[in-house]
Amino acid sequence: MSPSSAYRVAVLGGDGIGPEVTAAALEVVAAAGVSLDTTFYDVGAARYLRDGFVLDDATLDELRGFDAILLGAVGPAIGDTRIPGGVLERGLLLRMRFGLDLFINYRPFVGVAGSLAEGCAFAIVRENTEGPYAGEGGLLRKGTPHEIATQGSVNTRFGVERCVRYGFERARAHPKKKLTLVHKTNVLTFAGDLWSRVMSEVAAEFPDVTTDYQHVDAACIYLVEDPTRYGVIVTDNLFGDILSDLAGAVTGGIGYAASANLNPARTGPSLFEPVHGAAHDIAGQGKANPLAAISSAALMLEHLGEKTSSERVARAVADFDGNVGELGTAGVTKSVLERL
């Protein structure tokens, strides 16, 4: 893309603090010298309560034509029971992951000052379209004393291999050049066997990357006790979901955690979002921490091929040493802009 061209980006501000942190991220991207042609979409809890749906077919089709998608946060206020559990997750987040084939969830972590993982940098590569989240299962005799609920985990050779391969590519670029498979092979013997065999086979193509394996329960301990042992972790959808939140906590809090839902094959747009929720309790008060959204925008720039701008934004975030609570959204954003 020529410097005069603008990347077409769909912006889904969402609920609560989502629009605020997204606006901050877009401000930083503009200051980094990258031109975006943005289109804003109304999705999330408010849309569901107003119209009875989250993401309609026509909007999903429109999203396919963008270069990238930037998402703020979605979710109802705590205590709001008007939206059934799973409606937003399956109706928006999972629908985009499945519909746009966003088969990689990539989350890099850098320990901030004072955190358990201070100065430590590692990443989690999570398979994003299979596992228990694929929706296999159902209810039998619902509402009776004999009710049965089943929830299967889908693991295909195709899905596992492309995830593992992406993990190796990220590990090759990481200073440690180390990839750790996390699973539960001693109990989940079928899925675990598939992941282990694929890991061993693909490893032969990456002789410069060392490999390791850990059960997921052990990984939860090591992430707290010694996160320096990791370069890149590769794992399935469910384990990756849980480990990512734990990793966010030990590196300073999910208010700093960025994520990329990627379609590395580039058959459609990839989606970038902070890990945190909508935080309705502080929405509109200028208190939201925009750093995770800004870091997510840096991942978006990397994916779009704007490597220099991506690195500039990432360094500006890493160099931030102010007090988020004192500075607020605008103050934190200003501090990042000054560091650009």
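The values are calculated or read from the model by the stated rules, or taken from the named source; none is laboratory data. Everything numeric in this text was worked out from a predicted model, so none of it was measured. Don't worry about glycine lacking a Cβ; one is built from the backbone with ideal geometry, like all the others, and counts go over all protein chains shown.
The table below lists the values:
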read-out: Close pairs (8 angstrom Cβ cut-off, 6 or more residues apart or separate chains): part of a helix (DSSP H, G or I) in region 300-318, loosely packed, with under 14 Cβ neighbours inside 10 Å and among the basic types (Lys, Arg) anywhere; value: 301/307
read-out: Residues satisfying the stated conditions in region 16-44, i.e. out of contact with any strand residue (DSSP E or B) (no Cβ under 8 Å at 6 or more places or on another chain), part of a helix (DSSP H, G or I) and among the aliphatic types (A, V, I, L, M); value: 24, 28, 31
read-out: Candidates 90, 50, filtered to the one that is surrounded by fewer than 20 Cβ atoms within 10 Å (Cβ to Cβ), out of contact with any Leu (no Cβ under 8 Å at 6 or more places or on another chain), basic (Lys, Arg) and without any contact (Cβ under 8 Å) to a residue 24 or more places away in the chain; value: 50
read-out: Residue in region 63-83 that is within 18 Å of the chain's Cα centre (by Cα), in the same structural domain as residue 168 (by TED's automatic domain parsing) and among the small types (Gly, Ala, Ser) present; value: no
read-out: Leading residue by the ranking (farthest from residue 102 (Cα to Cα)) among those in region 53-74 that are among the small types (Gly, Ala, Ser) and surrounded by fewer than 21 Cβ atoms within 10 Å (Cβ to Cβ); value: 58
read-out: Complete set of residues in region 216-264 that are of a type in the set (D, E, K, R) and not in a helix (DSSP H, G or I); value: 226, 236
read-out: Residue count for region 84-110, restricted to those that are in contact with a Phe, Trp or Tyr (Cβ under 7 Å, 6 or more places away or on another chain) and either more than 13 Å from residue 43 (Cβ to Cβ) or assigned to a strand (DSSP E or B) (or both); value: 3
read-out: Flag for residue 134 being of a type in the set (A, V, I, L, M) and in contact with a Phe, Trp or Tyr (Cβ under 7 Å, 6 or more places away or on another chain); value: no
